[in-house]
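Here is the structure we will look at.
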Amino acid sequence: MHFARRPEFRHRIVFLEDYDIKVGRYLYQGVDVWLNTPRRPLEASGTSGMKATANGAINISVLDGWWDEAYDGTNGWAIGRGEEYQDAAYHDQVESQAIYKMLEGEVVPMFYTRGRDGLPREWIRRMKHAMRTVCPVFSAYRMVKEYTERMYLPAGGLWDILAANGLERGGALAAWKERVGAHWKEVAVLEVAAELVVPLEVSTTRPVRAEIALGSLSPEDVSVALYSGPLAAGSEIASATVSDMKVEGSPRPGVYLYTGMLQGRTTGLHGFQVRILPAHEDLASPLAMNCIAWG
(Lines give C-alpha, C1' and ligand atoms only; values in the text may rest on other atoms or scores of the structure.)
Protein backbone atom coordinates (compact mmCIF):
# COMPACT_ATOMS: atom_id res chain seq x y z
CA MET A 1 0.00 0.00 0.00
CA HIS A 2 2.45 2.62 -1.23
CA PHE A 3 0.37 5.78 -1.23
CA ALA A 4 2.93 7.94 -3.03
CA ARG A 5 2.96 5.55 -5.99
CA ARG A 6 -0.81 5.25 -6.41
CA PRO A 7 -2.41 8.26 -8.18
CA GLU A 8 -5.84 7.68 -6.65
CA PHE A 9 -4.44 8.52 -3.20
CA ARG A 10 -2.62 11.72 -4.17
CA HIS A 11 -5.76 13.83 -3.89
CA ARG A 12 -6.68 12.42 -0.49
CA ILE A 13 -3.85 14.10 1.41
CA VAL A 14 -4.61 17.46 2.98
CA PHE A 15 -2.01 19.91 4.29
CA LEU A 16 -3.43 22.17 6.99
CA GLU A 17 -1.87 25.63 7.12
CA ASP A 18 -1.88 27.79 10.27
CA TYR A 19 -2.72 24.80 12.46
CA ASP A 20 -4.00 26.04 15.82
CA ILE A 21 -6.09 24.95 18.81
CA LYS A 22 -9.39 25.60 17.04
CA VAL A 23 -8.46 23.48 14.01
CA GLY A 24 -6.94 20.84 16.30
CA ARG A 25 -10.20 20.52 18.20
CA TYR A 26 -12.08 19.38 15.10
CA LEU A 27 -9.17 17.27 13.90
CA TYR A 28 -8.97 15.28 17.13
CA GLN A 29 -12.72 14.64 17.12
CA GLY A 30 -12.75 13.19 13.62
CA VAL A 31 -9.53 11.19 13.27
CA ASP A 32 -9.33 7.39 13.61
CA VAL A 33 -5.54 6.92 13.51
CA TRP A 34 -2.90 9.28 14.88
CA LEU A 35 0.41 8.80 13.06
CA ASN A 36 3.52 10.27 14.69
CA THR A 37 6.93 9.79 13.10
CA PRO A 38 9.72 11.60 14.96
CA ARG A 39 13.29 10.41 14.64
CA ARG A 40 14.17 8.68 17.88
CA PRO A 41 15.43 10.06 20.26
CA LEU A 42 14.33 13.58 19.24
CA GLU A 43 10.68 13.47 20.34
CA ALA A 44 10.15 15.99 23.15
CA SER A 45 6.96 14.50 24.59
CA GLY A 46 3.99 13.73 22.36
CA THR A 47 0.98 15.39 23.95
CA SER A 48 -0.85 15.35 20.63
CA GLY A 49 -1.04 11.55 20.75
CA MET A 50 -2.40 11.67 24.30
CA LYS A 51 -5.20 14.02 23.24
CA ALA A 52 -5.93 11.86 20.22
CA THR A 53 -6.52 8.80 22.40
CA ALA A 54 -8.90 10.76 24.62
CA ASN A 55 -10.98 11.32 21.47
CA GLY A 56 -10.95 7.64 20.45
CA ALA A 57 -8.04 7.67 18.01
CA ILE A 58 -5.48 4.87 17.98
CA ASN A 59 -1.78 5.80 17.92
CA ILE A 60 0.83 4.60 15.46
CA SER A 61 4.14 6.01 16.56
CA VAL A 62 7.86 5.56 16.89
CA LEU A 63 8.85 4.29 20.34
CA ASP A 64 10.01 7.65 21.61
CA GLY A 65 8.70 10.26 24.05
CA TRP A 66 5.48 9.29 25.79
CA TRP A 67 4.63 6.41 23.44
CA ASP A 68 7.74 4.50 24.53
CA GLU A 69 6.16 4.41 28.00
CA ALA A 70 2.50 4.02 27.02
CA TYR A 71 2.66 1.32 24.33
CA ASP A 72 1.81 -2.11 25.73
CA GLY A 73 1.67 -4.10 22.50
CA THR A 74 -2.10 -3.98 21.98
CA ASN A 75 -3.19 -0.37 22.63
CA GLY A 76 -1.94 0.90 19.27
CA TRP A 77 0.99 0.20 16.98
CA ALA A 78 4.72 0.81 17.33
CA ILE A 79 7.00 1.69 14.43
CA GLY A 80 10.17 -0.32 14.99
CA ARG A 81 11.48 -1.58 18.31
CA GLY A 82 13.26 1.52 19.56
CA GLU A 83 16.21 1.37 17.18
CA GLU A 84 18.38 4.43 16.57
CA TYR A 85 20.33 5.06 13.36
CA GLN A 86 23.29 7.25 12.48
CA ASP A 87 22.25 7.53 8.81
CA ALA A 88 19.08 9.66 8.66
CA ALA A 89 18.23 8.62 5.10
CA TYR A 90 18.47 4.94 5.98
CA HIS A 91 16.47 5.62 9.14
CA ASP A 92 13.64 7.14 7.07
CA GLN A 93 13.71 4.31 4.55
CA VAL A 94 13.49 1.56 7.17
CA GLU A 95 10.66 3.18 9.12
CA SER A 96 8.65 4.22 6.06
CA GLN A 97 8.64 0.63 4.82
CA ALA A 98 7.62 -0.52 8.30
CA ILE A 99 4.69 1.93 8.23
CA TYR A 100 3.49 0.80 4.80
CA LYS A 101 3.69 -2.86 5.84
CA MET A 102 1.83 -2.17 9.07
CA LEU A 103 -0.94 -0.22 7.33
CA GLU A 104 -1.43 -2.85 4.66
CA GLY A 105 -1.15 -5.92 6.86
CA GLU A 106 -2.77 -4.82 10.15
CA VAL A 107 -4.29 -1.38 10.40
CA VAL A 108 -6.42 -1.17 7.26
CA PRO A 109 -7.74 -4.77 7.43
CA MET A 110 -8.71 -4.30 11.09
CA PHE A 111 -10.54 -1.04 10.35
CA TYR A 112 -12.50 -2.39 7.38
CA THR A 113 -13.32 -5.84 8.78
CA ARG A 114 -16.95 -5.37 9.83
CA GLY A 115 -19.49 -7.59 11.46
CA ARG A 116 -23.14 -8.00 10.47
CA ASP A 117 -23.93 -4.77 12.27
CA GLY A 118 -21.38 -2.90 10.15
CA LEU A 119 -19.08 -2.20 13.08
CA PRO A 120 -15.31 -2.99 13.19
CA ARG A 121 -15.42 -4.97 16.42
CA GLU A 122 -11.70 -5.66 16.73
CA TRP A 123 -10.93 -2.01 16.03
CA ILE A 124 -13.37 -0.92 18.72
CA ARG A 125 -11.80 -3.32 21.21
CA ARG A 126 -8.36 -1.87 20.54
CA MET A 127 -9.69 1.68 20.75
CA LYS A 128 -11.33 1.01 24.13
CA HIS A 129 -8.19 -0.69 25.43
CA ALA A 130 -6.13 2.31 24.33
CA MET A 131 -8.44 4.69 26.19
CA ARG A 132 -8.34 2.52 29.33
CA THR A 133 -4.55 2.28 29.41
CA VAL A 134 -3.61 5.76 28.19
CA CYS A 135 -6.17 8.29 29.45
CA PRO A 136 -5.85 7.73 33.21
CA VAL A 137 -2.04 7.88 33.11
CA PHE A 138 -1.10 10.32 30.36
CA SER A 139 -3.18 13.36 31.20
CA ALA A 140 -2.71 16.89 32.52
CA TYR A 141 -4.66 15.93 35.66
CA ARG A 142 -2.28 13.07 36.46
CA MET A 143 0.73 15.26 35.63
CA VAL A 144 -0.31 18.13 37.93
CA LYS A 145 -1.22 15.67 40.71
CA GLU A 146 2.16 13.94 40.42
CA TYR A 147 4.10 17.22 40.34
CA THR A 148 2.20 18.36 43.42
CA GLU A 149 2.78 15.15 45.38
CA ARG A 150 6.36 14.48 44.30
CA MET A 151 7.75 18.00 43.89
CA TYR A 152 5.73 20.95 45.20
CA LEU A 153 4.59 19.56 48.57
CA PRO A 154 7.99 18.04 49.46
CA ALA A 155 9.72 21.26 48.40
CA GLY A 156 7.39 23.29 50.60
CA GLY A 157 7.97 20.96 53.53
CA LEU A 158 11.73 21.10 53.06
CA TRP A 159 11.61 24.90 53.00
CA ASP A 160 9.79 24.93 56.34
CA ILE A 161 12.52 22.72 57.81
CA LEU A 162 15.46 24.70 56.39
CA ALA A 163 13.97 28.08 57.29
CA ALA A 164 13.15 27.25 60.92
CA ASN A 165 15.10 28.92 63.73
CA GLY A 166 16.52 31.64 61.53
CA LEU A 167 17.60 29.33 58.68
CA GLU A 168 19.65 27.20 61.07
CA ARG A 169 19.50 24.00 58.99
CA GLY A 170 19.53 25.95 55.75
CA GLY A 171 22.81 27.58 56.71
CA ALA A 172 24.29 24.24 57.74
CA LEU A 173 23.26 22.71 54.40
CA ALA A 174 24.82 25.60 52.47
CA ALA A 175 28.09 25.17 54.37
CA TRP A 176 28.05 21.41 53.73
CA LYS A 177 27.44 21.88 50.00
CA GLU A 178 30.32 24.34 49.79
CA ARG A 179 32.68 21.94 51.60
CA VAL A 180 31.68 18.88 49.55
CA GLY A 181 31.87 20.80 46.28
CA ALA A 182 35.35 22.07 47.08
CA HIS A 183 36.70 18.59 47.88
CA TRP A 184 34.80 16.51 45.31
CA LYS A 185 37.89 16.34 43.08
CA GLU A 186 39.41 14.07 45.72
CA VAL A 187 36.63 11.48 45.29
CA ALA A 188 37.48 8.48 43.09
CA VAL A 189 36.95 4.74 42.68
CA LEU A 190 40.43 3.27 43.10
CA GLU A 191 39.73 -0.44 42.62
CA VAL A 192 36.78 -2.79 42.06
CA ALA A 193 36.97 -6.54 42.72
CA ALA A 194 34.33 -9.07 41.66
CA GLU A 195 34.23 -12.63 40.33
CA LEU A 196 33.42 -12.14 36.63
CA VAL A 197 34.68 -15.39 35.11
CA VAL A 198 31.76 -17.59 36.19
CA PRO A 199 28.38 -16.45 34.75
CA LEU A 200 25.98 -14.89 37.24
CA GLU A 201 22.82 -17.01 37.21
CA VAL A 202 19.32 -15.65 37.63
CA SER A 203 18.20 -15.28 41.27
CA THR A 204 21.77 -15.54 42.56
CA THR A 205 24.06 -12.92 44.09
CA ARG A 206 27.75 -12.18 43.99
CA PRO A 207 29.81 -9.90 46.25
CA VAL A 208 31.52 -6.81 44.90
CA ARG A 209 34.24 -4.93 46.77
CA ALA A 210 35.37 -1.42 45.95
CA GLU A 211 38.16 0.75 47.31
CA ILE A 212 36.95 4.35 47.40
CA ALA A 213 39.03 7.48 47.90
CA LEU A 214 37.12 10.24 49.68
CA GLY A 215 40.02 12.50 50.58
CA SER A 216 38.86 15.13 53.07
CA LEU A 217 35.27 13.86 52.99
CA SER A 218 33.77 11.09 55.11
CA PRO A 219 31.40 8.19 54.32
CA GLU A 220 28.57 10.26 55.82
CA ASP A 221 29.02 12.79 52.99
CA VAL A 222 28.43 10.31 50.14
CA SER A 223 26.32 7.42 48.93
CA VAL A 224 28.06 4.55 47.12
CA ALA A 225 25.98 2.18 45.00
CA LEU A 226 26.15 -0.55 42.38
CA TYR A 227 24.60 0.56 39.09
CA SER A 228 23.88 -2.62 37.13
CA GLY A 229 21.72 -4.01 34.35
CA PRO A 230 21.57 -5.74 30.94
CA LEU A 231 23.96 -4.50 28.27
CA ALA A 232 22.35 -2.81 25.27
CA ALA A 233 23.94 -1.87 21.95
CA GLY A 234 27.29 -0.16 22.42
CA SER A 235 27.82 -1.94 25.77
CA GLU A 236 25.63 0.57 27.59
CA ILE A 237 23.70 -0.49 30.68
CA ALA A 238 19.96 -0.52 30.00
CA SER A 239 17.12 -0.76 32.54
CA ALA A 240 19.58 -0.28 35.37
CA THR A 241 18.93 -1.12 39.00
CA VAL A 242 20.70 0.60 41.88
CA SER A 243 21.70 -1.13 45.13
CA ASP A 244 23.55 0.47 48.02
CA MET A 245 27.08 -0.48 49.01
CA LYS A 246 28.10 -0.39 52.68
CA VAL A 247 31.36 0.88 54.14
CA GLU A 248 33.31 -1.92 55.87
CA GLY A 249 36.48 -0.21 56.95
CA SER A 250 39.32 2.16 56.14
CA PRO A 251 42.64 0.56 55.11
CA ARG A 252 44.37 3.95 55.16
CA PRO A 253 43.49 7.62 55.77
CA GLY A 254 41.02 9.02 53.23
CA VAL A 255 40.37 5.59 51.63
CA TYR A 256 37.42 3.32 52.48
CA LEU A 257 36.43 -0.22 51.60
CA TYR A 258 32.83 -0.70 50.41
CA THR A 259 30.99 -3.96 49.73
CA GLY A 260 27.79 -4.72 47.86
CA MET A 261 25.91 -7.58 46.21
CA LEU A 262 25.47 -7.95 42.46
CA GLN A 263 22.13 -9.66 41.75
CA GLY A 264 21.28 -11.82 38.75
CA ARG A 265 17.83 -10.71 37.56
CA THR A 266 17.66 -11.78 33.91
CA THR A 267 19.65 -13.85 31.43
CA GLY A 268 22.12 -12.38 28.95
CA LEU A 269 25.11 -10.07 29.17
CA HIS A 270 25.13 -7.67 32.11
CA GLY A 271 27.40 -4.91 33.28
CA PHE A 272 27.88 -2.84 36.41
CA GLN A 273 29.63 0.24 37.68
CA VAL A 274 30.26 1.74 41.08
CA ARG A 275 28.58 5.14 41.45
CA ILE A 276 29.31 7.81 44.08
CA LEU A 277 26.97 10.74 44.80
CA PRO A 278 26.80 13.40 47.53
CA ALA A 279 24.44 12.47 50.40
CA HIS A 280 22.79 14.69 52.99
CA GLU A 281 19.43 14.33 54.74
CA ASP A 282 18.39 17.87 53.72
CA LEU A 283 19.58 17.66 50.10
CA ALA A 284 16.54 17.78 47.80
CA SER A 285 18.28 15.70 45.11
CA PRO A 286 21.78 14.16 45.02
CA LEU A 287 22.06 15.30 41.39
CA ALA A 288 21.52 18.97 42.23
CA MET A 289 25.21 19.55 42.99
CA ASN A 290 26.50 18.22 39.64
CA CYS A 291 28.91 15.96 41.52
CA ILE A 292 29.26 12.29 40.56
CA ALA A 293 32.05 9.74 40.30
CA TRP A 294 32.09 6.40 38.46
CA GLY A 295 34.36 3.42 38.57
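The values are calculated or read from the model by the stated rules, or taken from the named source; none is laboratory data. Only a predicted model underlies this, so the values are computations on that prediction, with no experimental measurement involved. Glycine also receives a Cβ, built like all others from the backbone with ideal geometry; neighbour counts cover every protein chain displayed. Keep in mind that these areas ignore ligands, DNA and RNA; they rest on the heavy atoms of the full protein, side chains included. Shrake-Rupley method; radii C 1.70, N 1.55, O 1.52, S 1.80 Å.
Condition test on THR74, is it surrounded by fewer than 20 Cβ atoms within 10 Å (Cβ to Cβ), under 21 Å from MET131 (Cβ atoms) and of a type in the set (Ser, Thr, Tyr)? Here the answer is yes, as THR74 does meet what is asked. Among residues of the stretch 94-117 that are on the phi < 0 side of the Ramachandran plot and free of Cβ contacts under 8 Å to residues at least 24 places away in the same chain, those with a beta-carbon under 9 Å from a residue that is of a type in the set (S, T, N, Q) and open to solvent by less than 90 Å² (accessible area, probe 1.4 Å) at least six positions away or on a different chain give the pairs SER96/THR37.
Residue-level check: of (1) more than 19 Å from GLY82 (Cβ to Cβ); (2) assigned to a loop (DSSP other than H, G, I, E, B), ALA44 misses just (1). Scanning the stretch 195-207 for any residue that is outside any strand (DSSP E or B), under 24 Å from LEU287 (Cβ atoms) and hydroxyl-bearing (Ser, Thr, Tyr) turns up nothing.
The residues of the stretch 9-62 that are at pLDDT 85 or above, open to solvent by less than 100 Å² (accessible area, probe 1.4 Å) and under 18 Å from ALA140 (Cβ atoms), listed by number, are GLY24, TYR28, TRP34, SER48, GLY49, MET50, ALA52, THR53, ALA54, ASN55, ALA57, ASN59. In the stretch 261-272, the residues that are in a loop (DSSP other than H, G, I, E, B) form Cβ pairs under 8 Å with partners that are open to solvent by 60 Å² or more (accessible area, probe 1.4 Å) and of a type in the set (A, V, I, L, M, F, W, C), at six or more places apart or across chains, as follows: GLY264/VAL202; ARG265/VAL202; THR266/VAL202; THR267/VAL202; GLY268/LEU231; LEU269/LEU231. In summary, LYS185 fulfils each of the numbered conditions (1) open to solvent by less than 60 Å² (accessible area, probe 1.4 Å); (2) at pLDDT 95 or above; (3) out of contact with any Ser or Thr (no Cβ under 8 Å at 6 or more places or on another chain) with the single exception of condition (1). Note on the stretch 127-163: residues that are over 24 Å from GLY56 (Cβ atoms) and open to solvent by less than 70 Å² (accessible area, probe 1.4 Å) amount to 9. Close Cβ contacts (under 9 Å, 6 or more residues apart or on different chains) running from residues in the stretch 278-294 that are part of a loop (DSSP other than H, G, I, E, B) to residues that are open to solvent by 30 Å² or more (accessible area, probe 1.4 Å) and among the polar types (S, T, N, Q) comprise ALA279/SER223; PRO286/SER223. Screening SER218 with (1) touching a residue at least 12 places away in the same chain (Cβ under 8 Å); (2) under 22 Å from ASN290 (Cα atoms); (3) out of contact with any Asp or Glu (no Cβ under 6 Å at 6 or more places or on another chain) gives one miss only, at (1).
Evaluating ILE79 against the criteria (1) crowded, with 17+ Cβ neighbours inside 10 Å; (2) in contact with a Leu (Cβ under 7 Å, 6 or more places away or on another chain) leaves one unmet condition, (2). If you go through the stretch 94-107 and keep only what is open to solvent by 40 Å² or more (accessible area, probe 1.4 Å), of a type outside the set (S, T, N, Q) and within 30 Å of the chain's Cα centre (by Cα), you end up with VAL94, TYR100, LYS101, GLU106.
Residues in the stretch 247-287 that are closer than 11 Å to ARG209 by Cα, modelled with pLDDT of 90 or more and surrounded by 14 or more Cβ atoms within 10 Å (Cβ to Cβ): VAL247, TYR256, LEU257, TYR258, THR259, GLY260, VAL274.
The set of residues in the stretch 108-126 being open to solvent by 40 Å² or more (accessible area, probe 1.4 Å), under 34 Å from the mean Cα position of the chain (by Cα) and basic (Lys, Arg) consists of ARG121, ARG125.
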